[in-house]
Amino acid sequence: MLKLEFMKRTILMCAAMLTALQLMAGEPISLKDITSGVFWAKRISGVNPLKGTSEYAQVSADGRQVVKFSFRTGKPTGVIFDLSDVKDGPLKFFDDYQISADGCRLLLQTNTNRIYRRSFTADFYLYEVKTKQLKKLSKDGAEQIPVFSPDGRQIAYVHKNNIYITDGENVRQVTADGAFNKVINGLPDWVNEEEFGFNNALAWSADSKTLSWIRYDESKVKTYSLQFFKGSHPAFNKYETYPGEYSYKYPKAGEDNSQVSAWAYSLSDGSVRKYDLPLAADGYIPRIKTTADADRIILYTMNRHQDELNLYAANPKTGACRLLIRERVPKYVKEEAMEGIRIMKDYILLPSDRDGYMHLYLYSKEGKLLRQIDKGDYDVTEIYGYDDKTGSTYFQAAARKPMQREVYVADKSGRLTCLSAHAGWNAAAFSGDYRYFLNTWSDRYHPYVYAIYDNKGKEVREVLNNDELQTKLAKYGNGGVEFFTFTTSEGVKLNGWMVKPAGFDAKKKYPVIMHQYSGPGSQQVVDSWGVGSMGNGGMFDYYLAQKGYIVVTVDGRGTGARGAEFEKCTYLKLGDLESKDQVEAALWLGRQPYVDAARIGIWGWSFGGFNTLMSMSEGRDVFKAGVAIAPPTDWRFYDSVYTERYMRTPQENASGYAVNPINRAGKLHGRLLICHGMADDNVHPQNSFEYSEALVQADKDFKENYYTNRNHSIYGGNTRNHLLRQVAEWFMEKL
């Protein structure tokens, strides 16, 4: 009886304390509101700058028009397409569009169905501006990556792994060997799409007389199978009694990749020619590009180690290939550097970290280095373009602080000018003539503000702000994100951010929840509205802070915007230094007078899930609880391109691969929750299955949640709300 009374009093006291805490913090934040979009900031999307002009095109809100607008005034300057002009048309709205270079034809995209991260099929309709006729691109539909020829008369597309060309009336089949899980023409396979970041492997010649493509023979690549069930949101009724299976080619580290080759097709005589491209049997062709020269396309190649990138001028009429640029850097060429290359009429713009930081280099179209465009102890983080009329280069960089971004122009003499007015995070979309740009600005306190600037950095007009959202957020009493730095016992200076509970009292001791991603080149300590474990201005972190937790993120070694040495120091030993730095962060936090060192938790998703497991089993017992979502647990289970970029192959680096959560299972400290989507095509459920078995055999207690039919993002219906509740309640229970 006394015990019962004591429990009642304890419960009442806890309830009173919680109520007092909520009153101090403002209105309580709801998880449902976080996941349903109540706190999402307004964004601008679909801005398509029109080449050589100060105008852009955008789909109307009702999905029925393509409208032209002025960058400077924001006013409409014309309607490029209106579904109302099509009598008895088959479409009520469309998802996206393409315009031919001469403006005489449009492709309208509808019935879009996602495949992987960047790939999709859709039904495309061809619209003739002159006759106002709208018809299906092909009788079969479900096309992929349709591309207008430069003269606008032909359209190449892929259907069921084969390439077709149509003029709108007649269709010619270019390839016939395409077949699922065997050969893919004109589209990257899963690993090339995911890790080289593209979905189109077609390129027209400038005279529209030849079409070139990359061919992927994946017949020797091993298959991975995912099981599907009926599930819900959406429900697959065909799997109501027996599960279904989706099997696809997924090359794991050290295993066979697709055999790649490049080909050209002549529209005049139907002949097909293979490019004489110098490439090792296990090499990559990560890009194919059109140029302004009818006798030249550009082919990129990389070796399997990915420390050498070559750009070849390839003649589609003869198949001959000539090396233009060879980029060799220590350890690996970053995928973002390759993505940033710009092929222009007379120049090639190449990002490189060859001097220790990512900077820009200008080459002639024949591959002669003309000059380094910018210099300094900072990284260029995005390339907006090169104006060949003025010699000016526009780009984004982390020049002031690693956690911030600015928009810059470098003139032809190398003089650097910052064009963005506000400190924080700036990103730009430039007009086709580089006279204006749409700047997106935010910081950790302010959601996105969109404004038009001219190319001298003068603000022309504000386009959109999120004042409404800021007003809404004010009633929740969020305390804000504080930046901090500390130095580890190994002498490494690390950056972090912290969210404290409202009414924070430095004389009290608080439990801490650490969140991190930690993957190569990533960054989470950012002065942006994208800050926080789940973005959205850190609302999930404020939710946890309202429950009485301090929430912390630290970017350890291997993360971005601090130069090549800091980013690439984890080479060949992923997880070793990253986990040490999270443990060091926990130890530093534990020494702060306001932190309860016995109650520190850690969580993360994907690479962050991997590093959660690595950190909890690093050997120093600092974490009381952790949550790993969709974690890789042995890099031998992950794909070849990503893993080998940082680790080489298991055959070459057995000791590096041996440092993994599975082999560390016996060292796990703290209460662990694992969450994984059963249809994760990226980090396969195999990772969590094998890790959980290792924990069982090591006699370690843990809990795991699996999400039916969900991919790596784990969403759909109530799924995301449920997932985040598991994370929050795990820490509430275990800390």
Here is a list: Asp33, Asp62. Which entry is part of a loop (DSSP other than H, G, I, E, B) and at pLDDT 50 or above?
Asp62
I'd like the full set of residues that are over 22 Å from Asp443 (Cα atoms) and aliphatic (A, V, I, L, M), limited to region 358-406.
Met358, Leu360, Leu362, Leu369, Leu370, Ile373
Exactly one of Gly231, Gly254, Gly270 is at pLDDT 95 or above, more than 23 Å from Gly717 (Cα to Cα) and under 28 Å from the mean Cα position of the chain (by Cα), and that residue is Gly254
Any chance Gly590 is at pLDDT 95 or above, in contact with a Pro (Cβ under 6 Å, 6 or more places away or on another chain) and among the small types (Gly, Ala, Ser)
no
Go through Asp217, Asp167, Asp189 for me and flag whichever is more than 24 Å from Arg114 (Cα to Cα) and either touching a strand residue (DSSP E or B) at 6+ places or on another chain (Cβ under 7 Å) or of a type in the set (Asp, Glu) (or both).
Asp167
Among the candidates Asn466, Asn439, Asn455, residue that is more than 27 Å from Gly391 (Cα to Cα) and in contact (Cβ under 8 Å) with a residue 24 or more places away in the chain
Asn466
Candidates Ser489, Ser522, filtered to the one that is out of contact with any Gly (no Cβ under 8 Å at 6 or more places or on another chain) and at negative phi:
Ser489
What pairs come out if I take residues in region 320-343 that are on the phi > 0 side of the Ramachandran plot and pair them with residues that are not basic (Lys, Arg) whose C-beta lies under 6 Å away, six or more apart or interchain?
Lys331/Tyr571
Checking Thr471 against (1) free of Cβ contacts under 8 Å to residues at least 40 places away in the same chain; (2) crowded, with 17+ Cβ neighbours inside 10 Å; (3) closer than 21 Å to Asp541 by Cβ: exactly one of these is not met. Which one?
(2)
Can you tell me which residue within region 143-182, out of those that are assigned to a strand (DSSP E or B) and in contact (Cβ under 8 Å) with a residue 60 or more places away in the chain, is nearest to Lys222 (Cα to Cα)?
Ile163
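Could you check how many residues of region 113-131 are aromatic (Phe, Trp, Tyr), closer than 15 Å to Val158 by Cα and under 19 Å from the mean Cα position of the chain (by Cα)?
Qualifying residue count for the region: 1.
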Scanning for something surrounded by fewer than 16 Cβ atoms within 10 Å (Cβ to Cβ) and not hydroxyl-bearing (Ser, Thr, Tyr), does region 188-206 turn up at least one residue?
no
Name the single residue that is surrounded by the fewest Cβ atoms within 10 Å (Cβ to Cβ) among those in region 132-174 being of a type in the set (Gly, Ala, Ser) and under 28 Å from the mean Cα position of the chain (by Cα).
Ala142
Residues (in a helix (DSSP H, G or I) and among the aliphatic types (A, V, I, L, M)) located in region 568-587:
Leu577, Val583, Ala585, Ala586, Leu587
Failed criterion for Tyr224 (all others in (1) touching a Pro at 6+ places or on another chain (Cβ under 8 Å); (2) over 18 Å from Ile288 (Cβ atoms) hold)
(1)
So which residues in region 441-467 are at positive phi and touching a Lys or Arg at 6+ places or on another chain (Cβ under 7 Å)?
none
Selected residue [surrounded by 17 or more Cβ atoms within 10 Å (Cβ to Cβ) and among the charged types (D, E, K, R)] from Arg342, Arg371:
Arg342
Just need a number here: residues in region 481-532 that are more than 26 Å from the chain's Cα centre (by Cα) and either of a type outside the set (Gly, Ala, Ser) or closer than 26 Å to Pro447 by Cβ (or both).
20
Every pair of residues 6+ apart whose Cβ atoms lie under 8 Å, when the first sits in region 685-711 and is aliphatic (A, V, I, L, M) while the second is assigned to a helix (DSSP H, G or I):
Ala694/Ala665; Leu695/Ala665; Ala698/Ala665; Ala698/Gly666
Of all the residues that make up region 488-536, how many are in contact with a Pro (Cβ under 6 Å, 6 or more places away or on another chain) and modelled with pLDDT under 95?
0
Can you pull out the residues in region 302-331 that are of a type in the set (Ser, Thr, Tyr) and either assigned by TED's automatic domain parsing to the domain that holds Gly563 or surrounded by fewer than 20 Cβ atoms within 10 Å (Cβ to Cβ) (or both)?
Thr318
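The values are calculated or read from the model by the stated rules, or taken from the named source; none is laboratory data. Since the model is a prediction, treat every value here as computed from it, not as a measurement. Positions of Cβ are generated from backbone atoms using ideal geometry, with glycine treated the same way; all protein chains shown enter the neighbour counts.
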